[in-house]
Every structure is written in C-alpha cells, then in structure tokens.
Amino acid sequence: MVFKIGYALVWPIFHILFPFKVIGREKLTNREQGYVVCANHISFLDPVYIIYAMKRKNRIFFMAKQELFENKISAWFFKRVGAFPVNRGAGASGGLKTAESILANGQTLGVFPEGTRSKDGTIGKAKAGAAMLVSAFDTYVLPITLVCKNQKVRPFRKMTLVVGDPVQMPAKTEEQSQREHLRICTAAIMKPIQEGLDQYVAK
C-alpha cells in the first residue's frame, strides 16, 4: 500500500523533474516467470527510473549493498523503492535468500552488476553476483542501459532507458571451472548493456 501511494504521488513530480523515455518497453511485460533486470549504474535515481519504466503492475525489488542502509535517510529511501540489503560477506544468507524468494514467487529482481555507481559514465567491471544468481535460479536477464547527456543525471535532462532482449546464461561445459563459467555469463549480461550505451550515448 505504501509503495502504491508513493508511486502515485511521486510520479507526476518525478516525471517533470527527471523526464525519460523507454526504448523497448514491450519487453518488460508479459513475463511468466521471475527474472533479473541488470542495468548500468550512473546515479542514485537509477532504481526510480527503472521502477517507473516497468509500471506499477510489474513490481521490481533491488539488491543493494548493506552500506547503503547504515544511514537512516538513505535506508528509508532505498526501502521505499523496493531495495533490500545484501551483506556480500554473508554467503547465501540474508539478502540472497530474499532474492531467491522473489524469483521463486515469479517476481522481478533488479541488480546493478557493477556494484557501485560509475564516476565517469563508462561501464565498469561487473561482479559475478548477478551471473551467480541467474545461473543458480535457472532464469534469465533482461538488460537495461541508462543513457543521458554526458551520463550525468540532472533535473530536466532527459534519460533514455534502452531495454535489450532477454539473455539466457550459457551452459557450463565440463572443461570450464565455475569461476570461468561465471566470467562468461557476466560478459554475456554486460554485452547488451554496453551495446545500448554505444548505440545511444551520442543521441
């Protein structure tokens, strides 16, 4: 209920201050299983852009590092946009169990594979966590590229969200180690995100 009310109240103001358009919005709907949205990370507003791009009926829950919840104000904000903390040193406990429950219930999980915001707008080295989740839960990734002028989010500066085609994780071969397989899967996730940036960054 809090999410629905906040969604309706914030939407008109947000859309005026931070206008955006979505390319490939049809790929976000009519999914019959839980899946993972992976996107590049350029501002703290990225989750909000993605929430409004997906519309209210398709709720998304974001994985976020534990440190973001140590401040009361930031904790309040991130919880309201559907984020939950993950202690990266806690293995399969805590936040990862929440992620498993979200996917098992056919809901959408949001992950920023880089793990932190880019300082210069380029896409940094992605961590293996997203690939590990997708492989473990036998689902797929829907890549989203966030693109704006100079990759700097500012009021009244239009953001473009480029939704790519679903990405299935490559099967692990007998010759591959787990580490190598995750590296290949991570590259498969980030490839369409980088392609979206390359295609639309100049527009």
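The values are calculated or read from the model by the stated rules, or taken from the named source; none is laboratory data. None of these values were measured; they are calculated from a predicted model. Every residue, glycine as well, gets a Cβ built from its backbone with ideal geometry; the counts of neighbours run over all protein chains shown.
For beta carbons closer than 7 Å, sequence separation of 6+ or different chains, a first residue in region 82-97 that is closer than 23 Å to residue 54 by Cα and a second that is modelled with pLDDT of 75 or more and part of a loop (DSSP other than H, G, I, E, B), the qualifying pairs are 82/59. Looking across 197, 182, one residue alone is surrounded by 17 or more Cβ atoms within 10 Å (Cβ to Cβ) and over 17 Å from the mean Cα position of the chain (by Cα). It is 182.
Out of the residues in region 8-42 that are polar (S, T, N, Q) and at pLDDT below 85, which is farthest from the chain's Cα centre (by Cα)? Among those that are polar (S, T, N, Q) and at pLDDT below 85, it is 30.
State yes or no: is residue 175 among the acidic types (Asp, Glu) and either surrounded by 13 or more Cβ atoms within 10 Å (Cβ to Cβ) or in contact with an Asp or Glu (Cβ under 9 Å, 6 or more places away or on another chain) (or both)?
Values: among the acidic types (Asp, Glu): yes; either surrounded by 13 or more Cβ atoms within 10 Å (Cβ to Cβ) or in contact with an Asp or Glu (Cβ under 9 Å, 6 or more places away or on another chain) (or both): no.
Taking the combined requirement at face value, the residue does not satisfy it.
Take the residues in region 158-190 that are touching a Pro at 6+ places or on another chain (Cβ under 8 Å) and not β-branched (Val, Ile, Thr); name whichever of them is nearest to residue 123 (Cα to Cα).
Taking region 158-190 and keeping what is touching a Pro at 6+ places or on another chain (Cβ under 8 Å), we get 158-159, 163-165, 167, 181, 184-186, 188-190.
In the following step, the residues that additionally are not β-branched (Val, Ile, Thr) were identified as 158-159, 164-165, 181, 185, 188, 190.
Numbers: 158: 19, 159: 16, 164: 16, 165: 19, 181: 21, 185: 16, 188: 14, 190: 9 Å.
So the residue we want is 190.
Kindly provide the set of residues from region 141-170 that are part of a strand (DSSP E or B) and over 13 Å from the mean Cα position of the chain (by Cα), ordered by number.
Matches in region 141-170: 147, 159, 160, 167, 168.
Considering the conditions (1) modelled with pLDDT of 90 or more; (2) surrounded by fewer than 13 Cβ atoms within 10 Å (Cβ to Cβ), residue 144 is excluded by exactly one of them, (2). Within region 86-110, the residues that satisfy the criterion of being in contact with a strand residue (DSSP E or B) (Cβ under 7 Å, 6 or more places away or on another chain) and at pLDDT 80 or above are 98, 99, 102, 103, 107, 108, 109, 110. The set of residues in region 22-74 that are among the aromatic types (Phe, Trp, Tyr) and in contact with a Leu (Cβ under 7 Å, 6 or more places away or on another chain) comprises 35, 49, 61.
Within region 43-74, take every residue that is touching a Ser or Thr at 6+ places or on another chain (Cβ under 8 Å), at pLDDT 80 or above and aliphatic (A, V, I, L, M) and give me the one that is surrounded by the fewest Cβ atoms within 10 Å (Cβ to Cβ). Result: 60. Of the residues making up region 124-140, those that are among the aliphatic types (A, V, I, L, M) and either more than 30 Å from residue 19 (Cα to Cα) or modelled with pLDDT of 95 or more (or both) are 128, 131, 132, 133, 134, 136. Out of all the residues in region 94-110, is one or more assigned to a loop (DSSP other than H, G, I, E, B) and within 22 Å of residue 195 (Cα to Cα)? No, because not a single residue in region 94-110 is assigned to a loop (DSSP other than H, G, I, E, B) and within 22 Å of residue 195 (Cα to Cα).
Among the residues of region 178-187, are any of a type in the set (Gly, Ala, Ser) and assigned to a loop (DSSP other than H, G, I, E, B)? No. Residue 125 satisfies every condition listed in (1) within 23 Å of residue 62 (Cβ to Cβ); (2) surrounded by 14 or more Cβ atoms within 10 Å (Cβ to Cβ) except (2).
For residue 122, the criteria (1) among the polar types (S, T, N, Q); (2) assigned to a loop (DSSP other than H, G, I, E, B); (3) in contact with a Cys (Cβ under 9 Å, 6 or more places away or on another chain) hold in every case but one, which is (3).
Evaluate the following for residue 131: is it assigned to a helix (DSSP H, G or I), aliphatic (A, V, I, L, M) and loosely packed, with under 14 Cβ neighbours inside 10 Å? Can you show your working first?
On the way: assigned to a helix (DSSP H, G or I): yes; aliphatic (A, V, I, L, M): yes; loosely packed, with under 14 Cβ neighbours inside 10 Å: no.
So residue 131 does not fit the description; no.
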